Amino acid sequence: MPSFISFIPTPPSHVNGFFQLVSVSPSDVVYDLGCGDGRLLFAALEKGAGQAVGVECDPEPLATAREVAKKKGIEDRITFHEADIMSVNLSDATIVFTYLCSAAALALKEKFEVELKPGTKVVMEMFPVPGWKPSRVIERGTDFYLYIMPPEHEW
């Protein structure tokens, strides 16, 4: 499957929007789908997440992310997959972040429903999951949507 979007990083001013909806703990495994340069994952680890996993199909920002992880000395707590987001199993995630397009939100809907355990938190920046009712929404120039698996459906 082709990538959903070219590398458009989450602006630094938006990073905290994700963490306004979820707090992280040492027991959390945080995934970022379309992780780019890893900025959300680095923030998650700095805020106390136990593990972080990034999935990115573009090798250029991924190389930057790997280099930063090495410089920070956190390679044992962060993993990067150069892969299409649809090909990576998400079953060990406790939190999933995405900043992708609406087509990706629609495509990920079934994958999330099948692979994510009850209680897993999904935070989407800007593009809600069609047909799901968010548990919480933050509007701060761009919208952030929190879903807790299994999500409520809009009928």
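Throughout, read-outs are computed from the coordinates displayed, never taken from laboratory work. Fair warning: this is a prediction, and the values are worked out from it, not measured in the lab. Positions of Cβ are generated from backbone atoms using ideal geometry, with glycine treated the same way; all protein chains shown enter the neighbour counts.
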Residue by residue through region 14-26, what is 3J(HN,Hα) from phi via Karplus (6.51 cos²θ - 1.76 cosθ + 1.60, θ = phi - 60°)? Round to whole Hz and write x for glycine and proline.
9, 4, 5, x, 5, 7, 6, 9, 9, 9, 10, 9, x
Could you point to the residue in Val129, Val88, Phe18 farthest towards the positive end of the chain's charge dipole, with +1 and -1 charges on the Cβ of Lys/Arg and Asp/Glu respectively?
Phe18
What trypsin sites (Lys or Arg not before Pro) does region 58-155 have in DSSP loop regions with at most 14 other beta carbons within 10 Å?
Arg140
Under the rule that an exposed site lies in a DSSP loop and has at most 13 other Cβ atoms within 10 Å, name the longest stretch of the chain with no GluC sites (Glu not before Pro) of that kind, not counting the sites themselves.
76-153
Which residues qualify? For Ser135, with a placed amide H closer than 5 Å and at least 5 residues away or on another chain, they are Leu146, Tyr147, Ile148
Whether region 52-97 is rounded, prolate or oblate, judged on the alpha carbon gyration tensor where a/c under 1.5 counts as rounded:
oblate
Taking region 12-153 as the region of interest, what is the percent of Cα-Cα pairs per 5 angstrom bin, listed from the shortest bin to the one with the maximum distance?
2, 10, 22, 25, 22, 13, 5, 1, 0
